[in-house]
Amino acid sequence: MPYDDPEPEDPQELVGVELPGDEAVTREMAAAFADEFAQLGFTRAQILALYREAEYSGAHQAWRLLGEDEVARIVDESVGVWGRFTCIVTDSPDRDGEPEPLRFIRRRS
Amino acid sequence: MPTVKNWQLGRNMDYPYDARYPSRQFAFVFNINRCIACQSCTMACKSTWTFSKGQEHMWWANVETKPYGGYPQWWDAKILAKLEEANPDGQVWGGKPADGRFGPYGTFEGQTIFEAAQRTLTSDSARVLGYLPTDEEWNSPNIYEDNPVGKRGVRNKLDETGEQLPVHNTWFFYLARICNHCSYPACLAACPRKAIYKRPEDGIVLLDQAECRGYRKCVEACPYKKSMYRGNTRTSEKCIACYPRVEGTDPETGGEPMETRCMAACIGQIRMQGLVQVAEDGSWAEDRYHPLYFLVHVAKVALPLYPQFGTQPNGYYIPPRWVPRAYLRQMFGPGVDRAIENYASPSRELLAVLQLFRRSNRIIYKYEIQEGPKIYEGSLHGRKVELYNDTVIAFGKTGREIFRTTIEEPIHVRSNAHANSI
């Protein structure tokens, strides 16, 4: 048997399974990634770069299926809400009398 | 067989031992919507606990791609199939979701792994329906998942455009998993040596290495397959919930309980771990301003993984909002629709509590919200959104403040070089 041909008895062989999925699911997946990364403080350019990156399979898959324009529209909508504020985290001093800790300024969430 | 109360199933169920509950329970919430499978958690655990000879295949923490990935391969599909075989067409939920803490997802009318074992297994030692994964299934934690392989004939290089991967018009998500430190552990129930025990102070399930003789009954019984056999010591091992950190003995925090390594390493900020108060009947005692209690019992956005197995797992997940509901209902129970609705249109308090994720390595015991003014009102993906400048304050075990978060509009300071430019 040639090296690349699948062996039916090989337990490691990839088994294909058909799962339901349509454009609405892809669109919701793209919107979820845009929302979450915008909340993590990513900028529009950073989020779009992530969609274009083949290694981020979920986002990239949505980008290939929906196209750059539609993904950019989804990202703009998310960044328009979550990207307009900055989240400020202030740690408490470990013990009384210690100097005030640094304020960690992060983009939202 | 004794009967115990399972609040996740909304009914009593059979379990080989009488109910015993810890005063607090190790629990965690993972927000799947955020996980990118960077495997930082996986490697944090691996480099801390399972780097030794004989532990090569051990991944106490792992992240797998659902629906087709799994470690060991097909673990959930296999145990679901066994339950279906034991109780054909009977693995269903019924009843109405309760308002209280008992039965919030309705009533599970099917068979748990303990109940199905009584119907299908005959040996006295077989108390739990399970199976032993093959060596091949343990071999590769992420085999054939979503990493594009390189072009044929080009070594040590990934495909730059991912073209080797077929593009399907479908969906997937990443499921991060550790031991659930179940309230009714299947591993504990199955161990003939009684080598596995649940700690009364924090509910962490541990496996006594001195008592273990490597019969692998726990490996067979754990439906989540989080007990693993080590060939060179001939014993089984499992996640220990980084108990020295949870106990507060790590010098970094000066006695304050600290979250586990996998939680602390999460760069996607998907994880929060804590110790929840347990009531006399094994359900969570009311603790309104504990963040995990809020997420599970008030906001109801976090759901147990495969509650129908019956072990009352203490790992909870905010389900991915894009995945078809039928699949999610099988994985997280009938609470999925409400959880996604509540997460997609978050309440003011939920938005505040989500700000607590991964702000500190210390375990949060309580939060407080100081309400601020409304700063934004609009719509997002067709849903109404309101944002407030609320301050969320997290408190540790001793009641001391750990940190606080608030929101500000960004201030851009123009550099001197361009002071007059517009």
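At pLDDT below 95 and within 30 Å of residue B:103 (Cβ to Cβ), is that true of residue B:282?
Spelling it out, residue B:282 is indeed at pLDDT below 95 and within 30 Å of residue B:103 (Cβ to Cβ).
Restricting to region B:302-327, give me the number of residues that are within 14 Å of chain A (Cβ to nearest Cβ) and crowded, with 23+ Cβ neighbours inside 10 Å.
5
Just to verify a result, which residue in region B:229-239, among those that are out of contact with any strand residue (DSSP E or B) (no Cβ under 6 Å at 6 or more places or on another chain) and either assigned to a strand (DSSP E or B) or not basic (Lys, Arg) (or both), is nearest to residue B:191 (Cα to Cα)?
B:235
Could you run through region B:342-351 and say how many residues are among the hydrophobic types (A, V, I, L, M, F, W, C) and either more than 11 Å from chain A (Cβ to nearest Cβ) or free of Cβ contacts under 8 Å to residues at least 12 places away in the same chain (or both)?
Here the count works out to 1.
Could you please find all residues in region B:280-296 being closer than 20 Å to residue B:360 by Cβ and open to solvent by 20 Å² or more (accessible area, probe 1.4 Å)?
B:287, B:289
Identify, by number, the condition in (1) over 28 Å from residue B:326 (Cβ atoms); (2) touching a residue at least 40 places away in the same chain (Cβ under 8 Å); (3) not aliphatic (A, V, I, L, M) that residue B:11 doesn't meet.
Going through (1) over 28 Å from residue B:326 (Cβ atoms); (2) touching a residue at least 40 places away in the same chain (Cβ under 8 Å); (3) not aliphatic (A, V, I, L, M) one by one, residue B:11 breaks only (1).
Across region B:357-374, which residue is nearest to residue B:271 (Cα to Cα) among those that are at the interface with chain A (Cβ under 10 Å from one of its Cβ atoms) and open to solvent by less than 20 Å² (accessible area, probe 1.4 Å)?
So the residue we want is B:357.
So which pairs qualify, if the first residue must be in region B:61-73 and in the same structural domain as residue B:137 (by TED's automatic domain parsing), the second must be of a type in the set (S, T, N, Q), the Cβ gap must be under 6 Å, and the two must be at least 6 apart or on different chains?
Listed pairs, sorted by first residue: B:61/B:42; B:62/B:42; B:63/B:39; B:63/B:42; B:71/B:62.
Report whether or not residue B:277 is open to solvent by 10 Å² or more (accessible area, probe 1.4 Å) and part of a strand (DSSP E or B).
For residue B:277, the condition - open to solvent by 10 Å² or more (accessible area, probe 1.4 Å) and part of a strand (DSSP E or B) - is met.
Quick check, is residue B:191 within 25 Å of residue B:363 (Cα to Cα), in the same structural domain as residue B:32 (by TED's automatic domain parsing) and within 24 Å of the chain's Cα centre (by Cα)?
Answer is no for this residue.
Cβ-Cβ distance below 6 Å, separation of 6 or more or different chains: which pairs start in region B:262-276 with a residue that is within 14 Å of chain A (Cβ to nearest Cβ) and more than 19 Å from residue B:366 (Cβ to Cβ) and end on one that is open to solvent by less than 10 Å² (accessible area, probe 1.4 Å) and outside any helix (DSSP H, G or I)?
Hits for this filter: B:269/B:357; B:270/B:30; B:270/B:31.
Per-residue answers, yes or no, for (1) at the interface with chain B (Cβ under 8 Å from one of its Cβ atoms); (2) on the phi > 0 side of the Ramachandran plot; (3) modelled with pLDDT of 90 or more:
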{"residue": "A:24", "(1), (2), (3)": "no, no, no"}
{"residue": "A:28", "(1), (2), (3)": "yes, no, yes"}
{"residue": "A:33", "(1), (2), (3)": "no, no, yes"}
{"residue": "A:37", "(1), (2), (3)": "no, no, yes"}
{"residue": "A:61", "(1), (2), (3)": "yes, no, no"}
{"residue": "A:67", "(1), (2), (3)": "no, yes, yes"}
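Please report, ordered by residue number, the helices (runs of 4 or more DSSP H) entirely within region A:32-99 with at least 3 residues that are within 18 Å of residue B:37 (Cβ to Cβ).
Once the helices (runs of 4 or more DSSP H) in region A:32-99 are filtered for at least 3 residues that are within 18 Å of residue B:37 (Cβ to Cβ), what remains is A:44-52, A:57-66.
Quick one: count up the residues across region B:1-48 that are crowded, with 20+ Cβ neighbours inside 10 Å, farther than 30 Å from residue B:142 by Cβ and hydroxyl-bearing (Ser, Thr, Tyr).
1
With respect to residue B:233, determine if the residue is farther than 30 Å from residue B:137 by Cα and open to solvent by 10 Å² or more (accessible area, probe 1.4 Å).
Values: farther than 30 Å from residue B:137 by Cα: no; open to solvent by 10 Å² or more (accessible area, probe 1.4 Å): yes.
Considered against the rule, which asks whether it is farther than 30 Å from residue B:137 by Cα and open to solvent by 10 Å² or more (accessible area, probe 1.4 Å), residue B:233 comes out as no.
For the structure I just gave you, tell me whether residue B:157 is at pLDDT below 80 and surrounded by fewer than 16 Cβ atoms within 10 Å (Cβ to Cβ). Show your work before the answer.
Numbers: at pLDDT below 80: yes; surrounded by fewer than 16 Cβ atoms within 10 Å (Cβ to Cβ): yes.
So residue B:157 fits the description; yes.
Just the residues that are assigned to a strand (DSSP E or B), among the basic types (Lys, Arg) and within 27 Å of the chain's Cα centre (by Cα), please, taken from region B:351-394. Steps first, please.
Initial filter on region B:351-394 (assigned to a strand (DSSP E or B)): B:362, B:366-370, B:374-380, B:383-388, B:391-394.
Next, only the ones that are among the basic types (Lys, Arg) stay: B:362, B:366, B:374, B:383-384.
Residues satisfying the conditions are B:362, B:366.
Among the residues of region B:192-228, what is the count of those that are hydrophobic (A, V, I, L, M, F, W, C), out of contact with any Asp or Glu (no Cβ under 7 Å at 6 or more places or on another chain) and in a loop (DSSP other than H, G, I, E, B)?
4
The values are calculated or read from the model by the stated rules, or taken from the named source; none is laboratory data. Computed from a predicted model, the values in this text were never measured in an experiment. Glycine also receives a Cβ, built like all others from the backbone with ideal geometry; neighbour counts cover every protein chain displayed. When the accessible area is computed, the model is the full protein with side chains, heavy atoms only, and any ligands, DNA or RNA have been set aside. Shrake-Rupley method; radii C 1.70, N 1.55, O 1.52, S 1.80 Å.
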